[in-house]
Amino acid sequence: MTVAINTGLTKAERTGVAAELAKVLADSHAVYQKTHGYHWNVRGPEFFTIHTLLEQQYRDIWEALDEIAERIRALGELAPQGASAFANLTSIKEGDPELDAMAMLKELMKDHETLIATSRAALKVADDDGDDVTVDLLTQRMAAHEKFAWMLRSTLGGR
C-alpha cells in the first residue's frame, strides 16, 4: 500500500536529503564502532581518563544513530543497514586496536572532522531543499562532533 507523504517537500527533495543522511549515518556508525573499539583497547598511563572520555562519546553517537535513521524514515526512505551497506557509504576507515592511545585519539579526531564535513554537505542539501528539520538535526550533530574533536585535540595537547 502506498500512502502519500505531504510534508511540504517534494519526493525528489526528500530522496536527495535522505541520500545525504545515509552517508552521515554510515560515517556516524563507523565513528561509533571505532570509538567503542578504542574504548575497549586503549592502554597506557592515561587509560582511565581516555577510556571514560571515549565512553561518553560513543554513548552519544549511539543515540544519534537512531535519530538519523528515523529522520531518513520520516522522509519516506529506507535507512541503510548492515555492514556492507555502511561500508559502501562511509569514508571512515576501520580502527586498529594495536595503535597506541595517542594515535587512537588522533585518528578519532580526524574522523570527527570527516564526519563534520559529511554532515555539512548534507546540511547544505537539506537547507537548499527547505528541510528545516534535517538542518536542525545536522546542526546539533555537527556541534556534538566539533565538541568531541576539540576534546580529543585538547587531550592530545593541541588547541
Selected residue [under 13 Å from Ala30 (Cα atoms) and open to solvent by 50 Å² or more (accessible area, probe 1.4 Å)] from Lys110, Lys124, Lys147: Lys110
One residue from Ala4, Ala26, Ala64, Ala30 being of a type in the set (A, V, I, L, M, F, W, C), open to solvent by 10 Å² or more (accessible area, probe 1.4 Å) and part of a helix (DSSP H, G or I): Ala30
Positions within the range 98-107 being closer than 14 Å to Ile50 by Cα and either basic (Lys, Arg) or open to solvent by 50 Å² or more (accessible area, probe 1.4 Å) (or both), in sequence order: Asp100, Met102, Lys106, Glu107
Failed item in (1) at pLDDT 95 or above; (2) over 13 Å from Phe148 (Cα atoms); (3) in contact with a helix residue (DSSP H, G or I) (Cβ under 8 Å, 6 or more places away or on another chain), with Glu46 passing the rest: (1)
Test for Gln81: is it open to solvent by 80 Å² or more (accessible area, probe 1.4 Å) and either in a loop (DSSP other than H, G, I, E, B) or at pLDDT below 95 (or both): yes
Residue selected from the range 150-159 under the condition in contact (Cβ under 8 Å) with a residue 12 or more places away in the chain and open to solvent by 40 Å² or more (accessible area, probe 1.4 Å), by the criterion farthest from Thr49 (Cα to Cα): Arg153
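The values are calculated or read from the model by the stated rules, or taken from the named source; none is laboratory data. Owing to the predicted nature of the structure, the values given are computational and were not obtained by experimental measurement. Don't worry about glycine lacking a Cβ; one is built from the backbone with ideal geometry, like all the others, and counts go over all protein chains shown. Accessible surface areas use protein heavy atoms only, side chains included; no ligands, DNA or RNA. Shrake-Rupley method; radii C 1.70, N 1.55, O 1.52, S 1.80 Å.
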